[in-house]
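Here's the structure, in structure tokens; my notes come after.
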Amino acid sequence: MAEDKGRLTGFYGRAKDEQWHQQKHENHRRWRRRTVGLGLAVAAAVIVAAFVIYDYPRESGLTDTLGLTCGEYVQIGDPQSVESPMNQWEVHRQEVAAADEVDGEGFLAAAEIVAAKFEAEPLMGQFYEAITQRESSAAVVGEDLVIGHHQAFWSATDRVSVFSVTAEAITWTAELDHPVHDQDLAGDDRPRVLYGVGTTDDLVVLQTPTYRGDTDLVIADKNSAQGSKCVRLEGAVDTVEVLTAQPDPVRAWSQTINLNARKTSANGYLIYHGGQQDSPHHEVSLVDVATEEVQPDPGVSLGSHTAKGEIEIPREAHEAAAEELQHLAPVGENHYLLTWEAGYLLFAAD
């Protein structure tokens, strides 16, 4: 009983103690501040997580503004992991000779005529009997033979590789991947992410779109797999419009621009972007891929700079082949690429 009385006396004593009251109020205020702060922190974390999960940084353009997305679709890889689509001449010759859907014997006769005309020997080739079977395409871009890989569908390019005609192998490669977070919203066709391809002595240049409709120019060292540089240009480009309005040297392969067809110097490229007539942005810029300097509206005539000219295919070769012979172009100093309806044939000069 005495203990309870002591407790009660102590309570009444504290109730009259102003300092004790102030301490209790201060403790309550501190608890309330901690609770409110913790609640705000949790709410902020939830908001940030939802912002990231639902891709609002990309949708809002925040990642673009911060420069985090430039060249995001280009992933440089190991060239040794990519199988070359070019077969040695004897294997290629047998494939063509055994073909059912094309006149293989006629093409082989045409190849002999081209070889004799240019004192060159057939070296390697790629063959497909139908365009729906075309999983890769070849093009002469500058001094290089460049391969476009079309795993998904022919009009899009899923990988770009540089093929060394001297080493007879792929020496550089990059995958072109469009990151779609919600596959249910992706649709059946993955968006095209390669608009143009070019090369210099040391660099590979890939023109890609951005998520929000601008243009990225990815610049990579041809002799290294250690990353790349990127230049962002405002506005998009309609490659179909460009390719149908220009002669064949502008085309690398389906819907892909050969950027070397409009070079002004060793490292200077005229890049199409902002292509709409009513666009507030310029339609073409001069980009120095070595220094990454951009000159908008350079005032250069697009028709005054063309790629290295193609070689006329001998008339006798056209007559020998029932299938269409399309292009004959030099690759470097000692090689030639013959493009025909069902593939490619690489020649090496004697």
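Some observations on this one:
- Within the full protein context, the accessible area of V165 is estimated at about 20 Å² for a probe radius of 1.4 Å.
- FRET efficiency for A45 and D78, using Cβ-Cβ distance with R0 set to 41 Å, rounded to 0.05: 0.60
- Ordered from largest to smallest accessible area (heavy atoms of protein chains, 1.4 Å probe), the residues H327, H150, H28, H178 come out as H28, H327, H178, H150.
- Accessible surface ranking for H25, H273, 1.4 angstrom probe, highest first: H25, H273.
- Accessible area (Å², 1.4 Å probe, nearest 10) - E119: 130 Å²
- The label-point distance for D202 and A225, in a model that sets each label 7 Å from Cα toward Cβ, rounds to 2.1 nm.
- In a fully extended conformation the segment linking E105 and Q88 would gain 4.4 nm over its present Cα-Cα distance, using 0.36 nm per residue.
- Probe 1.4 Å - accessible area at V193, Å² to nearest ten: 0 Å²
- Surface listing: D201, D78 arranged by accessible area from highest to lowest gives D201, D78, probe 1.4 Å.
- Shape category assigned to region 101-150 from the gyration tensor of Cα positions, a/c cut at 1.5: oblate
The values are calculated or read from the model by the stated rules, or taken from the named source; none is laboratory data. Treat the numbers as computed from the prediction; the structure is a model and nothing was measured. Cβ atoms come from the backbone with ideal geometry, glycine included; neighbour counts cover every protein chain shown. Just the protein is used for accessible areas: all its heavy atoms, side chains included, with ligands, DNA and RNA removed. Shrake-Rupley method; radii C 1.70, N 1.55, O 1.52, S 1.80 Å.
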